[in-house]
Amino acid sequence: MSDPLTLLLLTLFGYAGLPTLLARTGFSRVLKRLPAALPQVALTFDDGPDPVWTPRILEILDRFGVPATFFMLGSRAEAHPDLVRQVADAGHEVGVHGYRHRVPALQGLRATLTDVGATVRILTDILQRRPRYYRPPWGIFNLWTGLAARRHNLIPVVWSLYVAEWSRSTTANSIYVDAMQSAGPGTVLLLHDAAGPGSRPDAPAVVAQALPRLITGLRRKGLSLVSLSELLAPAGRGLSHAPPGQNVGSHRP
């Protein structure tokens with residue numbers, strides 16, 4: 001999303017604001033409950049898979065031995081099933097991001113259930129196992145996305161830190177500086193392995209450029225990079241049974 005006015009309009013339109021606020025507040029509280037003795041960070045990537053940038057990011061993660069969680073669009077997974085398998089075979093988690101990158105507040109219940117259900121079926125057919133996590137486009141939770149998560153037994157996940165690589169003013173260095181200033185135990189960091197609506201076309205290139213230094217810097221800060229499941233494991237029971245839309249942290253704002 002390119003500017004605060006767009007975010008405000010999306011928040012006001014379609015009763016998205018309060019449920020999304022609850023989701024992010026609830027996720028922040030979950031993260032704060034994680035044991036302070038576990039200084040862990042989870043990297044998450046949205047909007048893929050992308051035939052150019054997903055393999056590039058996978059190579060960097062493999063080089064540094066870092067697991068991550070990829071929230072995939074069903075339409076792109078359907079077009080690139082080998083990439084979905086490549087992500088999973090490399091030991092990373094695959095989550096649901098909807099079939100297409102549509103604003104949840106602009107869809108009704110039937111459209112939302114169809115959107116999420118189609119993505120669950122596609123990922124399940126490709127991987128032969130069901131995905132666990134769901135992050136709606138832009139991290140917007142409303143009644144419909146909450147019901148879709150409940151119907152498909154998905155754990156809603158947003159994020160606690162984004163570095164705005166979608167913005168044209170963002171650089172690899174600013175991503176690094178933002179993360180070093182804000183990341184701490186329990187951080188869920190939002191990144192992108194494909195360009196989405198409203199983002200700069202080279203956003204994933206900026207992520208790939210920043211990623212090696214970012215990983216090294218987080219580790220120097222004393223933070224371990226773990227999977228989302230490992231990060232949330234201490235609070236997992238509470239997450240899996242919490243009310244829809246009140247589980248977890250922010251997609252491109």
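The values are calculated or read from the model by the stated rules, or taken from the named source; none is laboratory data. On a predicted model such as this, the values are computed, not experimentally measured, just so you know. Reconstructed Cβ throughout: ideal geometry from the backbone, glycine too, with neighbour counts over all protein chains shown.
Annotations
- The residue that is surrounded by the most Cβ atoms within 10 Å (Cβ to Cβ), counting only those in region 32-47 that are modelled with pLDDT under 90 and among the hydrophobic types (A, V, I, L, M, F, W, C), is L34.
Every residue, every condition in (1) in a loop (DSSP other than H, G, I, E, B); (2) in contact (Cβ under 8 Å) with a residue 24 or more places away in the chain; (3) within 15 Å of the chain's Cα centre (by Cα), yes or no:
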residue	(1), (2), (3)
W138	no, yes, yes
R150	no, yes, no
W159	yes, yes, yes
E165	yes, yes, yes
S174	no, no, no
D178	no, no, no
Q181	no, no, no
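- Subset of region 213-231 [touching a strand residue (DSSP E or B) at 6+ places or on another chain (Cβ under 8 Å) and either part of a helix (DSSP H, G or I) or within 21 Å of D47 (Cβ to Cβ) (or both)]: I215, L218, R219, L225, S227, L228, S229, E230, L231
- One residue from V87, V103, V116, V96 being buried (at least 21 other Cβ atoms within 10 Å of the Cβ), touching a Leu at 6+ places or on another chain (Cβ under 7 Å), among the hydrophobic types (A, V, I, L, M, F, W, C) and over 27 Å from R219 (Cα atoms): V96
- Here region 188-220 is the region considered, the condition is being surrounded by fewer than 22 Cβ atoms within 10 Å (Cβ to Cβ) and closer than 18 Å to P39 by Cα, and the residue that is farthest from the chain's Cα centre (by Cα) is R220.
- Screening P137, P51, P81, P55 for residues that are of a type outside the set (A, V, I, L, M, F, W, C) and in contact with a strand residue (DSSP E or B) (Cβ under 9 Å, 6 or more places away or on another chain) leaves exactly one candidate, P137.
Conditions (1) in contact with a His (Cβ under 7 Å, 6 or more places away or on another chain); (2) at pLDDT 95 or above, marked per residue:
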site	(1), (2)
T112	no, no
A118	no, yes
I126	no, yes
P137	yes, no
T145	no, no
T187	no, no
D202	no, no
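- Of E78, E93, all but one fail to be in contact with a Phe, Trp or Tyr (Cβ under 9 Å, 6 or more places away or on another chain), under 16 Å from L228 (Cα atoms) and charged (D, E, K, R); the exception is E93.
- Per this entry, R76 is counted among residues that are touching a residue at least 24 places away in the same chain (Cβ under 8 Å), of a type outside the set (G, A, S), touching an Asp or Glu at 6+ places or on another chain (Cβ under 9 Å) and farther than 21 Å from R219 by Cα.
- The set of residues in region 183-212 that are among the hydrophobic types (A, V, I, L, M, F, W, C), assigned to a helix (DSSP H, G or I) and touching a strand residue (DSSP E or B) at 6+ places or on another chain (Cβ under 6 Å) comprises A203, V207.
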